[in-house]
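Q: Below is the structure I would like to discuss, written out as structure tokens.
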Amino acid sequence: MTALVIHGSEGRMGRRLMALAEEHGFELLGGIDQDTELSVVESLLSRADLVIDFSLPAGLDALLIALEGRGLPLVSGTTGLSPAQHAALERYSDEAAVLWASNMSRGIVVLRALVEEAARRLPEWDAELVEVHHRRKVDAPSGTALTLAEGLVAARGEGQIERGRRGQGARRPASVGIQSLRGGSVVGEHRVSFFHDGEQVHLSHVAESRDQFVRGALCAGRWLMGREPGIYAIEETVD
């Protein structure tokens, strides 16, 4: 049985991972958050086979320092990372298998594929994205929205992402706008729209609970076990 440690265990995702890990076949050793004593962190990591991280960017920095030299497989869903933090994940992947994803949902994996296919087939259509999350989400746009927009631009081979529409002036050709809404207890909604003269195409995903993200993260962790060091993508875990 895989011995699992949850990093960010006091967050919304962390609490659900703590609640569901054992019923998905993991041995839950415990959780780590920003207030966990260093001796406890050392003890947990020394016995772990796998770490799943859903925290904040600063928390991931501390985790990567603690993991250095251990070679423990790492699944991370922490968003809002800087280029330097993504580079730090890359460096850790020299010694361990690492899977980072802005969204662990299988539905989002399929949505991304559909969005990229639509972008290729509708190259002259205007593309816009709207994402909605609960009032306490700290990053905007969401990591998932950025992943979808980046995939869309890459599929077309041109374009630029605009975070919000403001001011005056016509829409720039090939731009992809992202609008972020925050309120209530919304778990997550993403809608990608393609507009042309006289017609529209809309592709969307609505998360009704966090449990599908938990299942995706746990499945990704199970898939990652035994893999060679390197960076892996969530798409690789979906049949």
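What follows is calculated from the coordinates using simple rules that are stated; it is not laboratory data. Values in this document were obtained by computation on a predicted structure and should not be read as measured data. Here the Cβ positions follow ideal geometry from the backbone for every residue, glycine too, while neighbour counts run over all protein chains shown.
Q: Rg and Dmax in Å for segment 106-207, alpha carbons only: what are they?
A: In order Rg, Dmax, the Cα atoms of segment 106-207 give 13.3, 39 Å.
Q: How charged is the neighbourhood of residue 140? Take every other residue with its Cβ under 13 Å from the Cβ of residue 140, and add Lys/Arg as +1 and Asp/Glu as -1.
A: +3
Q: Still on this structure, please answer the following. Could you work out the relative contact order of segment 106-207, using alpha carbon pairs under 8 angstrom and six or more residues apart, expressed as a whole percent?
A: Relative contact order of segment 106-207: 38 percent.
Q: Can you tell me which of 97, 88, 170 moves the most in a GNM of the chain? Springs connect C-alpha atoms under 10 Å apart.
A: With Cα springs under 10 Å in the chain, the top fluctuation among 97, 88, 170 is at 170.
Q: Then there is this: With +1 on each Lys and Arg Cβ and -1 on each Asp and Glu Cβ, how big is the dipole of the chain about its Cα centre, in debye rounded to the nearest 20?
A: With Lys and Arg at +1 and Asp and Glu at -1, about 720 debye.
Q: To test your reading of the geometry: what angle, between 0 and 90 degrees and rounded to tens, separates the Cα axis of helix 106-121 from the longest principal axis of the chain?
A: Relative to the chain, helix 106-121 is tipped by roughly 30 degrees.
Q: Calculate how many DSSP beta bridges within the chain are antiparallel, expressed in % of all such bridges and rounded to the nearest 5.
A: If we restrict to bridges inside the chain, about 35 percent are antiparallel.
Q: Now, a different point. Can you put 16, 172, 106 in order of Cβ neighbours within 10 angstrom, beginning with the fewest?
A: In order of increasing Cβ crowding within 10 Å: 172, 106, 16.
Q: Just want the ordering: 190, 24, from fewest to most Cβ atoms lying within 10 Å of their own Cβ.
A: Ranked by crowding around the Cβ, least crowded first: 24, 190.
Q: While we're here: Rank these for me by crowding, 39, 102, 142, going from fewest to most other beta carbons within 10 Å.
A: Ascending number of Cβ neighbours within 10 Å: 39, 102, 142.
Q: Using R₀ = 45 Å, calculate the FRET efficiency as 1/(1 + (r/R₀)^6) where r is the Cβ-Cβ separation of residue 33 and residue 160; round to 0.05.
A: E between residue 33 and residue 160, to the nearest 0.05, is 0.75.
Q: If I stretch the segment between residue 197 and residue 43 completely, what's the gain in nm (0.36 nm per residue apart, minus their alpha carbon distance), one decimal?
A: That works out to 49.3 nm of additional length.
Q: Using only alpha carbons, build the gyration tensor for the chain and give me the equivalent ellipsoid semi-axes, biggest first, whole Å.
A: Taking √(5λ) for each Cα gyration eigenvalue gives 34, 18, 17 Å.
Q: Can you give the calculated 222 nm mean residue ellipticity of the chain, where each DSSP H run of n ≥ 4 adds -39,500 (n - 2.57) and the sum is split over every residue, rounded to the nearest 500 deg cm²/dmol?
A: -11000 deg cm²/dmol
Q: What is the extension gain from residue 125 to residue 189, computed as 0.36 nm multiplied by their sequence separation minus the C-alpha to C-alpha distance, in nm to one decimal?
A: Result for the pair: 20.8 nm of gain on full extension.
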